[in-house]
Structure formats: C-alpha cells, structure tokens
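What follows is calculated from the coordinates using simple rules that are stated; it is not laboratory data. Quick caveat: nothing in here was measured; it's all calculated off a predicted structure. A quick note on method: Cβ atoms are made from the backbone with ideal geometry, for glycine too, and the neighbour counts reach across all protein chains shown.
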Amino acid sequence: MVLPASLPQRLFPMSGSTFGELFRVTNFGESHGPAIGCVIDGCPPGLALSEADIQPDLDRRRPGTSRHVTQRNEPDAVEILSGTYEGRTTGTPVCLLIRNTDQRSRDYGNLLDTFRPGHADYTYWRKYGLRDPRGGGRASARLTAPMVAAGAVAKKWLFEQHGTTFLGWMGALGEIEIPFEDEAQIPLNPFYAPNAGIVERLEAHMDALRKAGDSCGARIHVLARCVPVGLGEPLFDKLDAEIAYAMMGINAVKGVEIGDGFGVVAQRGTHHGDELTPEGFASNHGGGVLGGISTGQDLRVALAIKPTSSIRTPKASIDRHGQPTTVETHGRHDPCVGIRAAPIAEAMLALVVMDHALRHRAQNGDVSLALPPIAAQRGG
C-alpha cells in the first residue's frame with residue numbers, strides 16, 4: 001500500500017520527538033552528545049526575541065545550582081541559530097541550541113551491558129537494539145532543557161497577547177508536605193517551596209538521602225493565570241487531555257491531576273460543580289477546564305514525580321545475556337528530580353496553551369458574543 005505524501009505527519013510519528021500542532025517543537029540531542037536543542041516551527045512573526053528572553057528560565061532549571069541537585073555544571077547557555085531578524089521572529093523555524101560542556105561519560109562505563117532498575121535502559125535496548133548509556137542518552141532529564149527554552153518563547157508571546165503568566169512550585173518532597181504560604185518565597189530557595197519555614201527541614205531530608213545513596217519523589221504544582229476562554233477542542237483534543245499528555249512526557253512523571261484531581265472521588269456533585277454568578281465562577285474544582293475547553297479561570301495542574309532511578313545503592317538486575325548482576329550507579333544525579341521540575345512543568349503547560357491559542361485563533365478568531373463573558377477569574 002502506497003500512502004500519499006500529503007497525509008498529516010501526526011498520523012505517522014516516527015521517534016516521538018515533536019510536540020504540538022501549530023506551535024511545533026522538535027527536540028534533538030543526547031545527554032552526553034555535543035549539544036541539545038529544539039526547532040520551533042510555527043512561532044508567530046514579529047515577536048521581539050533574544051537569548052536574554054530565554055536564559056532566565058534555563059537558569060532556573062539548570063544543574064549544579066545547589067548541593068541538593070546533580071553537580072553536573074552546565075551553563076545551559078542558549079543560542080538562537082535561526083528564525084529571527086533584527087531581534088524579531090520572522091515566522092520561519094526558530095532553532096535553539098544548548099551546548100553540552102561538562103560530560104563525564106566514563107561514569108557510565110559499567111552500564112553498557114547492564115540495566116538500571118526503574119530506568120529506561122532495558123526498554124530502549126529492547127526497542128532499538130542498541131542504546132547510548134552515557135547519562136541515559138535520550139532518556140535523560142537533560143532533554144527537558146530545550147523544552148524549557150521553547151516554553152520561554154511561548155510564555156513571552158502569551159503574556160504579550162493575553163497577559164498569561166505561569167507559576168510552578170513544590171507541594172511535597174517525599175513524605176514532607178509543603179503548605180502554600182507565600183508565593184514570593186518560591187524563587188528564593190532551591191526547592192521552589194512557597195514556604196520559608198520548611199526549607200531547613202527539606203535541606204536536612206535531602207542531605208540524609210544523599211548520604212544514604214537513596215532518592216525520593218515529589219509533587220509539583222503549576223498554575224496558568226489569565227488564560228483565554230475557549231482553548232481546547234471537544235472529544236479527543238480536550239485542553240486538559242493535552243495538558244496531561246504533555247506532563248506525562250516529562251521525565252519521571254507518573255501521575256497528573258487537573259483541578260481537584262483524585263480528590264473528586266470523595267466529593268459530591270453539590271460541592272464539585274463550580275457555580276456561576278454574574279461576578280464569575282464561585283470556585284475552581286475543575287481546574288479551569290470544562291468539557292475540555294478553558295473557562296478563563298486559572299489552569300491548575302499537579303504532578304507526581306517518582307524517586308530518581310540512578311542511585312548509589314546496589315540493586316539487582318540482569319545483563320544483556322539475561323544473567324543476574326548487581327547495578328550501582330555512579331556519576332552525578334539528582335536525589336530528587338522534582339527539585340528542578342517546576343520550571344519544566346511551567347514550560348510544558350505554556351507550550352500546550354500556546355498551541356491551543358494559535359489553533360483557537362485559526363478557527364474561531366472571528367467569533368464574538370453579544371454579551372461580555374463573566375469575570376471568570378473569581379474562584380480561580
């Protein structure tokens with residue numbers, strides 16, 4: 001059977017490295033290759049854009065920023081290789097490059113013939129017949145950096161066009177719950193914790209994990225404010241469905257909640273349904289989405305992140321011949337990958353909102369209502 005070349009690319013994904021429809025981001029590179037990066041196709045023309053617009057978000061995600069994360073010391077300096085002229089986007093593909101400068105590939109020499117439990121080593125080998133063991137290759141969380149860079153571009157356009165902003169923070173580190181007290185504290189500590197009083201306890205917990213050669217999981221929250229009403233499609237392209245798809249694409253994420261998430265199981269309909277008033281919604285249990293379409297309220301998302309698989313503690317595994325062995329991971333790793341996940345979650349949410357904003361504009365740009373919409377931000 002010969003298939004026509006005009007069929008949409010999304011029907012025949014090859015390597016799963018491209019995200020989005022109208023704002024399409026193709027991610028490339030490996031953890032220990034010469035560079036990583038992405039190509040953004042569909043960025044609207046005329047957006048003022050320079051490396052300085054992107055670098056702050058990369059600095060928030062980059063390794064080596066505290067003793068609680070991997071000590072791989074990468075500057076993550078972004079370069080814009082194409083898609084701009086005289087400081088503005090041209091509408092052509094924007095290529096963003098981040099060079100790798102601090103690889104220590106020798107740390108992974110013992111993993112060529114064995115597989116780390118909980119990691120992608122075994123599945124990559126079975127799928128492709130070979131794999132790059134250095135730092136996890138394509139399975140490395142280092143490949144989130146290009147998505148953060150692309151997300152920074154999306155954030156800037158959304159803020160200029162709609163006033164949309166994004167905020168990510170840590171809600172739990174392992175078994176330690178982090179009460180939300182002060183948004184201003186989030187950028188002031190290495191955990192993105194909205195609570196200054198708990199930081200010392202978090203630091204002690206991480207120090208103990210590192211000494212024990214162990215790791216822990218985390219819960220990350222991310223919020224989008226001033227989101228346009230009407231984003232998302234009925235049925236399969238629901239906004240919340242695509243948010244979940246994007247978040248599950250982040251390394252180590254094992255669960256996603258929209259709005260009250262699993263909390264809805266114990267709720268009654270009398271409590272859960274967000275009542276509407278002339279002044280706006282009275283609550284936001286739905287997380288800013290109804291029927292797969294944005295309400296204009298805050299988008300509320302939470303992520304469950306598993307413990308880091310690369311740990312020093314020996315664990316049972318097999319080699320490529322199926323023989324039993326023991327694996328102890330060397331190198332530099334995050335005892336909790338959730339510590340640097342807040343800016344990644346922000347970026348992925350921004351990419352979903354950006355893509356749907358362009359899709360909505362393309363189909364529904366001329367839709368107008370006789371009456372103004374309600375003030376949707378109440379209860380956000």
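What the table below lists for this structure:
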{"quantity": "Footprinting exposure proxy for HIS321, HIS271, HIS119 (fewest neighbouring C-beta atoms within 10 Å first)", "calculated": "HIS321, HIS271, HIS119"}
{"quantity": "Relative contact order %, the chain, counting alpha carbon pairs below 8 Å whose residues are six or more apart", "calculated": "20 percent"}
{"quantity": "Burial ranking of peptide ranges 137-146, 339-348 (average Cβ count within 10 Å, highest at the top)", "calculated": "339-348, 137-146"}
{"quantity": "Dipole axis of segment 214-315 (+1 Lys, Arg; -1 Asp, Glu on Cβ), positive-most option in VAL229, PRO307, VAL253", "calculated": "PRO307"}
{"quantity": "Most to least packed among 27-36, 41-50 [average Cβ atoms within 10 Å]", "calculated": "27-36, 41-50"}
{"quantity": "Packing-based exposure ordering (other Cβ within 10 Å, fewest first) of THR89, THR295", "calculated": "THR89, THR295"}
{"quantity": "R0 of 56 Å, Cβ-Cβ distance LYS211-GLU86: FRET efficiency to nearest 0.05", "calculated": "0.60"}
{"quantity": "Partners for LYS211 among lysines (Cα-Cα distance below 23 Å; same-chain residues under 8 apart left out)", "calculated": "LYS306, LYS315"}
{"quantity": "Amide H contacts of LEU47 (H built 1.01 Å from N, under 5 Å, at least 5 apart or other chain)", "calculated": "THR89"}
{"quantity": "Computed [θ] at 222 nm, helices only, for the chain once each DSSP H run of length n ≥ 4 contributes -39500 (n - 2.57)", "calculated": "-7500 deg cm²/dmol"}
{"quantity": "For GLU181, GLU242, order by how many other beta-carbon atoms lie within 10 Å, fewest first", "calculated": "GLU181, GLU242"}
{"quantity": "Shape of segment 17-63, Cα gyration tensor, a/c cut at 1.5", "calculated": "oblate"}
{"quantity": "Extension gain from ALA362 to ILE318, taking 0.36 nm per residue of separation minus the Cα-Cα distance", "calculated": "10.6 nm"}
{"quantity": "For segment 15-364, with +1 on Lys and Arg beta carbons and -1 on Asp and Glu, the positive-most of THR164, GLY322, TYR122 along the dipole", "calculated": "GLY322"}
{"quantity": "Mean Kyte hydropathy of 0.0 or more with a Cα span along the axis of at least 27 Å, helices from DSSP in the chain", "calculated": "342-364"}
{"quantity": "Sites ALA370 and LYS254 - FRET efficiency at Förster radius 56 Å, r taken between beta-carbons, to 0.05", "calculated": "0.75"}
{"quantity": "Charged-residue dipole, Cβ positions (Lys, Arg, Asp, Glu), segment 15-364 about Cα centre, Debye nearest 20", "calculated": "1200 debye"}
